[in-house]
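Remarks on the structure that follows.
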Amino acid sequence: MLKVEKPLFVILLLAMLVRIPVFLLATRGFFIIGEGLVQMDMARNILGGNGFQLSPSMMHPDDRASSDFRDFQMSFYRRVDGFYGVLRPGRPTTYLVPGMAIFLAGIMLVFGQQNLMAILAVQLLLGVLTVFMGYRIAARFLKGRWLYAAGILMAASPYELYYQAIPATQALFSLLFIAGLLCSLRVLEKPAFARGAVAGVVWGAAFMVRPVSLSLTALLLVVILVAGRFSRKTLLSSAGLGLCFAAVLLPWGLRNRRVTGEFFVMPTQKGLIMWEFNGRIFSDHFRHEMPGAMLLYQPLREKWMGRLSSPELVEFPEFRDETEAHRDSVLFNRQVAFLTSNPQILPELVMLRFIDFFKPFPLNEFSIVHTTSGLLWFFWITVFMVAGGVLVLKSGGAAGVFMALGTGGYVLTHLLMAGGTPYRVAVDFPLLIMSLFALRYFLLRRHAGLPSRA
């Protein structure tokens with residue numbers, strides 16, 4: 001029989017209890033669904049035998065979701081015949097990876113295709129598992145009351161709770177990201193082919209939800225080999241990691257070759273992401289942007305409008321019947337050319353993405369519950385996270401190196417590409433652990449009368 005120590009039992013019980021009112025709020029429409037509608041539609045197409053694609057009807061939403069911003073978006077999508085401007089409805093898509101849609105399809109298969117509440121219930125229950133694994137990671141760096149505090153904060157994390165209460169990729173990716181991190185620490189602590197294989201499967205599954213997992217897998221491979229000095233065990237661990245990661249991605253690559261004629265696993269969305277977080281800010285589209293984005297980026301737009309080199313590159317091309325791969329390539333090349341022509345803009349964009357990534361509360365209009373809970377939970381973490389990363393890197397051995405560099409690399413990747421709280425949620429637990437590690441260190445040194453330096 002599995003034995004669970006009392007502090008962990010209390011934390012898991014708390015995690016379960018706080019999810020009950022969140023689920024009840026979700027049944028009353030308290031949370032904004034957002035991109036989940038797209039993922040749910042794709043899940044229904046998978047169950048209906050249509051494959052991984054978006055229904056043409058998604059280009060014509062009912063009027064209940066109408067707003068000036070929404071109407072402008074849909075008019076734009078219909079004009080270029082592409083959801084988000086790139087995703088072609090009614091045909092097999094490579095714009096997204098299919099992990100989230102497959103996950104939703106599995107829930108729908110059991111509970112029915114219209115049962116949104118079943119999806120949210122499953123995600124909230126899996127959130128308890130995420131807390132359990134987060135606690136196991138924290139136990140490698142924290143002890144006693146500090147570990148207990150980490151568990152309590154994880155159990156009641158407002159960002160995890162929010163994204164578990166909507167059908168979006170954040171909840172599933174956070175689960176797989178934390179699982180991948182835990183499996184990575186285990187293989188670093190005791191290298192073995194089986195442990196490497198398990199880590200490869202988990203990171204492969206995470207890739208199928210968000211491809212940023214590829215960089216974490218590559219980092220783990222390097223750390224295993226270097227930390228183990230290329231011993232037989234570390235070579236076997238690395239082989240298990242690489243082979244199983246590739247095996248998970250292989251069916252997706254073969255499917256893409258079947259529908260496009262080319263084998264590839266990366267989704268055709270890098271160009272749109274580059275445009276969304278770079279060119280769009282200076283384009284005509286930005287005039288219809290959400291208030292939060294206007295608040296953050298409007299001063300930069302006003303500063304540079306009229307002074308840009310090659311300003312035509314910021315506008316979205318008027319596509320007609322081009323493939324997703326072609327659209328992705330055109331957008332990516334145009335954005336690279338725009339940033340190359342205006343190199344002075346990129347540092348300012350990165351700075352604003354840093355603010356967008358680490359802001360403790362939403363810039364758009366939300367209830368006071370969202371704002372207050374986010375501020376109380378995350379603000380202090382931003383004060384200690386960098387010092388915590390340095391301390392974990394210096395004193396945590398191979399596990400600490402992977403924890404610090406993996407989290408830092410994830411953050412850096414998004415600062416260069418895309419900002420926003422939804423992208424950050426997956427690393428909230430590692431940031432929390434490292435921040436508590438630093439806070440404990442500083443308090444201990446202060447109590448001992450020593451200088452508080454890392």
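Laid out as a table, the results:
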| item | result |
| --- | --- |
| Qualifying residue in the range 332-354 (condition: in the same structural domain as GLY279 (by TED's automatic domain parsing), touching a Lys or Arg at 6+ places or on another chain (Cβ under 8 Å) and farther than 12 Å from PHE277 by Cβ) | yes |
| Among the residues listed as ARG307, ARG280, ARG287, the single one being touching a residue at least 12 places away in the same chain (Cβ under 8 Å), closer than 29 Å to LEU363 by Cβ and basic (Lys, Arg) | ARG280 |
| Selected residue (criterion: surrounded by the fewest Cβ atoms within 10 Å (Cβ to Cβ)) from residues of the range 107-124 that are among the small types (Gly, Ala, Ser) and either at pLDDT 95 or above or farther than 19 Å from PHE52 by Cα (or both) | ALA118 |
| Check on TYR95, closer than 30 Å to TRP380 by Cα and either in the same structural domain as SER367 (by TED's automatic domain parsing) or not in a helix (DSSP H, G or I) (or both) | no |
| Some residue of the range 33-48 being in contact with a strand residue (DSSP E or B) (Cβ under 6 Å, 6 or more places away or on another chain), modelled with pLDDT of 85 or more and not hydroxyl-bearing (Ser, Thr, Tyr) | yes |
| Selection from the range 372-386 of residues that are of a type outside the set (A, V, I, L, M) and either modelled with pLDDT of 85 or more or loosely packed, with under 15 Cβ neighbours inside 10 Å (or both) | THR372, PHE378, PHE379, TRP380, THR382, PHE384 |
| Filtered residues of the range 224-245 (kept if aliphatic (A, V, I, L, M), over 12 Å from GLY196 (Cβ atoms) and either touching a Pro at 6+ places or on another chain (Cβ under 9 Å) or touching a residue at least 40 places away in the same chain (Cβ under 8 Å) (or both)) | ALA227 |
| Listing of helices (runs of 4 or more DSSP H) fully contained in the range 327-442 that carry 1 or more residues being in contact (Cβ under 8 Å) with a residue 40 or more places away in the chain and closer than 18 Å to LEU185 by Cα | 368-395, 397-417 |
| Count of residues meeting criterion [surrounded by 14 or more Cβ atoms within 10 Å (Cβ to Cβ) and either without any contact (Cβ under 8 Å) to a residue 40 or more places away in the chain or among the acidic types (Asp, Glu) (or both)] in the range 247-264 | 1 |
| Top-ranked residue in the range 387-434 [being within 27 Å of GLY228 (Cα to Cα) and polar (S, T, N, Q); ranked as surrounded by the most Cβ atoms within 10 Å (Cβ to Cβ)] | THR407 |
| Any hit, the range 169-180, residues being closer than 30 Å to LEU443 by Cα, touching a helix residue (DSSP H, G or I) at 6+ places or on another chain (Cβ under 9 Å) and of a type in the set (A, V, I, L, M) | yes |
| Selected residue (criterion: surrounded by the fewest Cβ atoms within 10 Å (Cβ to Cβ)) from residues of the range 270-296 that are at pLDDT below 80 and not in a helix (DSSP H, G or I) | MET290 |
| Extreme residue, surrounded by the fewest Cβ atoms within 10 Å (Cβ to Cβ), among residues of the range 134-167 that are within 16 Å of LEU181 (Cβ to Cβ), of a type in the set (A, V, I, L, M) and within 24 Å of the chain's Cα centre (by Cα) | ALA139 |
| Unmet requirement for GLY90, which otherwise passes all of (1) within 25 Å of PRO267 (Cβ to Cβ); (2) in contact (Cβ under 8 Å) with a residue 12 or more places away in the chain; (3) in a helix (DSSP H, G or I) | (3) |
| Test: residue in the range 331-349 that is surrounded by 14 or more Cβ atoms within 10 Å (Cβ to Cβ) and modelled with pLDDT under 85 | no |
| Meets criteria (surrounded by 15 or more Cβ atoms within 10 Å (Cβ to Cβ), in a helix (DSSP H, G or I) and not aliphatic (A, V, I, L, M)) for ARG301 | yes |
| Some residue of the range 231-242 being at pLDDT 90 or above and either of a type in the set (Asp, Glu) or more than 30 Å from GLY397 (Cα to Cα) (or both) | no |
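Let's see how each residue does on (1) under 14 Å from the mean Cα position of the chain (by Cα); (2) of a type in the set (A, V, I, L, M):
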{"residue": "GLY388", "(1), (2)": "no, no"}
{"residue": "ALA399", "(1), (2)": "no, yes"}
{"residue": "PHE402", "(1), (2)": "no, no"}
{"residue": "LEU405", "(1), (2)": "no, yes"}
{"residue": "LEU412", "(1), (2)": "yes, yes"}
{"residue": "LEU416", "(1), (2)": "no, yes"}
{"residue": "PRO430", "(1), (2)": "yes, no"}
{"residue": "SER435", "(1), (2)": "no, no"}
{"residue": "ALA438", "(1), (2)": "no, yes"}
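Okay, residues lined up against (1) assigned by TED's automatic domain parsing to the domain that holds ILE433; (2) of a type in the set (S, T, N, Q):
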residue	(1), (2)
PHE76	no, no
MET108	no, no
ILE119	yes, no
LEU126	yes, no
THR130	yes, yes
ARG136	yes, no
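The values are calculated or read from the model by the stated rules, or taken from the named source; none is laboratory data. None of the values given here were measured: they were computed from a predicted structure. Glycine gets a Cβ as well: all are built from the backbone with ideal geometry, and neighbour counts include every protein chain shown.
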